[in-house]
1. Checking the structure you have, find out if any residue of the range 309-320 is free of Cβ contacts under 8 Å to residues at least 60 places away in the same chain, under 27 Å from A138 (Cα atoms) and not acidic (D, E).
2. Check G275 against each of (1) in contact (Cβ under 8 Å) with a residue 24 or more places away in the chain; (2) open to solvent by less than 20 Å² (accessible area, probe 1.4 Å) and name the one condition it does not meet.
3. What number of residues within the range 180-220 are touching a Ser or Thr at 6+ places or on another chain (Cβ under 9 Å), part of a strand (DSSP E or B) and not β-branched (V, I, T)?
4. Within the range 163-183, track down each residue that is open to solvent by less than 50 Å² (accessible area, probe 1.4 Å), within 26 Å of D219 (Cβ to Cβ) and within 16 Å of the ligand (Cβ to nearest atom).
5. Sort out which residues of the range 123-162 are assigned to a helix (DSSP H, G or I) and either under 19 Å from H204 (Cα atoms) or open to solvent by less than 60 Å² (accessible area, probe 1.4 Å) (or both), and write them in order of number.
6. Among the listed residues V285, V299, V252, identify the single one that is modelled with pLDDT of 95 or more and in contact with a Ser or Thr (Cβ under 8 Å, 6 or more places away or on another chain).
7. Do you know which of the residues in the range 196-210 that are over 18 Å from A147 (Cα atoms) and open to solvent by 20 Å² or more (accessible area, probe 1.4 Å) is nearest to the ligand (Cβ to nearest atom)?
8. Could you look through the range 291-308, keep only residues that are out of contact with any helix residue (DSSP H, G or I) (no Cβ under 8 Å at 6 or more places or on another chain) and free of Cβ contacts under 8 Å to residues at least 12 places away in the same chain, and pick out the one that is farthest from the ligand (Cβ to nearest atom)?
Amino acid sequence: MLDEVNRLIEAAGADIGSAADSRQLEELRVRYLGRKSQLRALMSRIGTLPPEERPAAGAATGKAQQVIQTALEERQAALEQESESRGMDVTLPGRRRGCGKRHLLTSLSWELVDIFRGMGFDVASGPEVEDEYHNFDALNTPPDHPARDLQDTFYLRDGMLLRTQTSTVQIRVMAHTAPPVRVVAPGRCYRKESVDATHHFAFHQLEGLYVDRGVSLADLKGTIQMMGRQLLGEQTRVRFRPHFFPFTEPSVEYDFSCSLCQGPDPSCRVCKGTGWIEVAGAGMVDPAVFEAVGYDPEVYTGFAFGMGLERVAMIRYGIDDIRLFLDNDLRFNRQF
Ligand code: PHE
């Protein structure tokens, strides 16, 4: 019987070694280890042997089973490796990996930061989860001001809220820095708006603040003018319209001349025929704000401005729906 087992191992080894693919290997596994295999037949014959021969026969058949099993596995691994190296076609084009890029709003905010760096501004930032002090109180916005209404602001627990404007960063910067200060702060803001083509509950602003001795409205206008030219072209003009913000006095809204039609063109879809595009709000920092942060309003003056980045991007690229910015549709994102 031991001879038979040895012959069996030899035959199996030879067959397995020359198996050409895994289908053949599977046939060999059935032939040599399956229920109807010769090995199984030998095993079931052990009981008929004289008792003293049984242990050796049992050991030999058990070992044979192991040896054949190992040979099958090794051959399988070798076949896989062979097919991997044989199966590689070096003439095929490589797999293209998608390449990430900056979101339009990110690159626009970097571009603006760059413009203001050129005018000597630093970059500052603040948290999106704010308290009422930084979002309202210190910005001279009293408790009964409509902007503080539940309708307009997302309130969180413990008097916290999602900031409604980047003007919060003005307060944070002034509270920690002695004048003069010159900073811009890009960031995301939230307001309880119903979403439509021109409103979104999440949007981005860029805030600017310049405080020193003798800063005037003319400096504000010059700065905005400079930004407009760099952003939309040399021919861009700026106009101020009177407005109100609790934290600036006087306050203005500023417009850029239309970059598309360069003047009143009744059919212009960007400026709707007016020749001007409303960009954002600005003004001279209200003395009450200086008092809140411990600046002496008798010594220092300053200007602040804010603008919606989506708005600027919509003007610049003729985008007609603010929802596109946060939809994350790659067909939109890839265009910029
Ligand atoms: N924070 C104002 C807004 O969100 C814009 C603004 C900023 C106005 C700075 C004046 C000065 O509408």
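The values are calculated or read from the model by the stated rules, or taken from the named source; none is laboratory data. For clarity, every value in this text was computed on a predicted model and none was experimentally measured. Using ideal geometry, Cβ is built from the backbone for each residue, glycine included, and neighbour counts are taken over all protein chains shown. The area values use the complete protein model at the heavy-atom level, side chains included, leaving out ligands, DNA and RNA. Shrake-Rupley method; radii C 1.70, N 1.55, O 1.52, S 1.80 Å.
1. Within the range 309-320, one or more residues are free of Cβ contacts under 8 Å to residues at least 60 places away in the same chain, under 27 Å from A138 (Cα atoms) and not acidic (D, E).
2. Result: G275 passes all but (1).
3. Within the range 180-220, residues that are touching a Ser or Thr at 6+ places or on another chain (Cβ under 9 Å), part of a strand (DSSP E or B) and not β-branched (V, I, T) number 14.
4. Residues of the range 163-183 open to solvent by less than 50 Å² (accessible area, probe 1.4 Å): 163-171, 173-174, 179, 181, 183.
From what's left, within 26 Å of D219 (Cβ to Cβ): 165-171, 173-174, 179, 181, 183.
Selection gives Q165, T166, S167, T168, V169, Q170, I171, V173, M174, V181, V183.
5. E132, H134, N135, A138, L139, A147, R148
6. V285
7. Ranking the qualifying residues of the range 196-210, first place goes to Y210.
8. E298
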